[in-house]
Amino acid sequence: MDIRVRQLAKEFNTFRALHGVDVDIRSGELLALLGPSGSGKTTLLRVIAGLEEPTGGQVFFDDIDATSIPVRERGVGFVFQNYALFKHMTVARNIGFGLEARPKGERPSRAAIAARVAELLDFVQLSGLGGRYPAQLSGGQRQRVALARALAVEPKVLLLDEPFGALDAKVRKELRKWLRLIHDKTGLTTVFVTHDQDEALELADRIVVLNKGLVEQIGSADDIYDRPASPFVYDFIGDAVGLEVEVADGRATIGTQSIPLGLHVHDRGKGRLYVRPHHWQLSEADAAHLVGTVISQRRSGAERRAEVEIAAHMSFEISLEPGQEIATGCRLGLAPKRWRLFTASGRVIDPGVSRVPEDYAI
């Protein structure tokens with residue numbers, strides 16, 4: 001099922017949670033709604049589900065205007081962050097609840113419900129646990145039960161609100177791979193909400209980045225990470241330094257220092273230059289246009305990073321190559337190998353790999 005959201009708006013009293021949002025969700029894709037707290041991602045998901053009524057705009061399921069269709073008639077499976085399992089019911093009864101709650105004329109037989117529950121327990125790798133209660137399961141197992149319950153009613157759309165938010169980091173990683181496998185097996189149109197950028201980049205076919213009720217960018221993980229469309233996306237996705245610069249004659253200037261961009265940029269005036277920590281090329285200080293002093297170093301996972309001060313109260317982190325030794329207190333030359341410039345005129349300049357002189361290396 002395709003889902004089309006058109007000019008969707010939602011207000012809660014005087015607070016506007018969504019401002020004219022447009023999103024196309026393709027049939028069978030896994031789409032992430034990504035953004036900080038208060039960005040509108042959960043509100044958008046709940047409007048699609050029919051759990052919230054929009055203030056304005058429309059939601060289409062294929063060519064049908066579903067905006068006013070009750071939630072029970074939308075064919076949607078919903079998985080909540082806190083699982084929302086019935087504590088007094090066994091795992092099997094929780095999974096079969098949606099089928100048992102159907103009107104008498106639409107309700108499957110007890111045997112058919114039992115068979116469906118057994119099938120789903122096997123599908124989510126919980127065979128043999130149907131007789132347990134939620135309190136007897138781990139957090140990851142409870143989340144699998146919640147997903148099985150959502151799948152029991154054979155939905156056309158699967159919606160998940162922060163599905164791994166209540167789990168520890170190791171279990172989240174394991175369940176990410178499992179959810180991708182489940183999605184590929186079912187082929188359902190799936191939308192999930194997350195504030196975890198790694199989760200979105202790893203799982204989703206496409207990502208919708210939301211900020212203050214507006215769509216900042218829609219694209220693949222490569223689009224979002226490598227080609228951010230706005231300063232907000234650059235600041236929110238991955239690590240990056242955003243430097244306020246003056247642009248003129250193909251150079252970006254900070255105070256009295258220049259950053260060689262390696263190409264002709266005709267814009268003049270203020271701009272914001274973004275560079276990721278691993279996109280800086282290092283040189284001897286006397287061979288560089290931008291010079292900084294290493295003020296500290298730290299370990300970040302598999303890599304080491306150095307914090308470099310380029311002016312009073314202005315510093316940022318750079319990634320060091322494996323085995324690269326740099327002393328704290330030394331002065332370095334810096335040139336960006338990859339960067340993106342947002343000019344005051346609204347232009348976005350992204351040359352890919354800029355032209356840095358061959359001898360510009362430490």
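Please determine, by comparing only the residues of region 178-213 that are modelled with pLDDT under 95 and charged (D, E, K, R), which one is nearest to A17 (Cα to Cα).
D196
Taking the criterion of being among the hydroxyl-bearing types (S, T, Y), under 30 Å from P155 (Cβ atoms) and touching a helix residue (DSSP H, G or I) at 6+ places or on another chain (Cβ under 6 Å), would at least one residue in region 182-197 satisfy it?
yes
Quick test of your reading of the structure: S315 fulfils all but one of (1) free of Cβ contacts under 8 Å to residues at least 60 places away in the same chain; (2) of a type outside the set (A, V, I, L, M, F, W, C); (3) open to solvent by less than 30 Å² (accessible area, probe 1.4 Å). Name the failing condition by number.
The single condition S315 does not satisfy is (3).
Do you know which of the residues in region 318-334 that are over 29 Å from the mean Cα position of the chain (by Cα) and not in a loop (DSSP other than H, G, I, E, B) is surrounded by the fewest Cβ atoms within 10 Å (Cβ to Cβ)?
Looking at residues that are over 29 Å from the mean Cα position of the chain (by Cα) and not in a loop (DSSP other than H, G, I, E, B), I get R331.
Inspect all residues belonging to region 54-65 and state whether any of them is out of contact with any Phe, Trp or Tyr (no Cβ under 7 Å at 6 or more places or on another chain), in a helix (DSSP H, G or I), without any contact (Cβ under 8 Å) to a residue 40 or more places away in the chain and not hydrophobic (A, V, I, L, M, F, W, C).
So far as region 54-65 goes, no, none of its residues is out of contact with any Phe, Trp or Tyr (no Cβ under 7 Å at 6 or more places or on another chain), in a helix (DSSP H, G or I), without any contact (Cβ under 8 Å) to a residue 40 or more places away in the chain and not hydrophobic (A, V, I, L, M, F, W, C).
Can we say V157 is open to solvent by 10 Å² or more (accessible area, probe 1.4 Å), within 20 Å of E73 (Cα to Cα) and not acidic (D, E)?
The answer is no for V157.
If a residue must be within 30 Å of G139 (Cβ to Cβ) and either crowded, with 18+ Cβ neighbours inside 10 Å or over 24 Å from the mean Cα position of the chain (by Cα) (or both), how many such residues does region 50-80 contain?
Of the residues in region 50-80, 10 are within 30 Å of G139 (Cβ to Cβ) and either crowded, with 18+ Cβ neighbours inside 10 Å or over 24 Å from the mean Cα position of the chain (by Cα) (or both).
Just to confirm my filter: which strands (runs of 3 or more DSSP E) fall fully inside region 188-307 and include at least 3 residues that are out of contact with any Lys or Arg (no Cβ under 9 Å at 6 or more places or on another chain) and closer than 20 Å to K337 by Cβ?
The strands (runs of 3 or more DSSP E) meeting that bar are 251-254.
The values are calculated or read from the model by the stated rules, or taken from the named source; none is laboratory data. These figures come from a predicted structure and were not determined experimentally. Every residue, glycine as well, gets a Cβ built from its backbone with ideal geometry; the counts of neighbours run over all protein chains shown. Remember, those area values only see protein heavy atoms, side chains included, never the ligands or the DNA or RNA. Shrake-Rupley method; radii C 1.70, N 1.55, O 1.52, S 1.80 Å.
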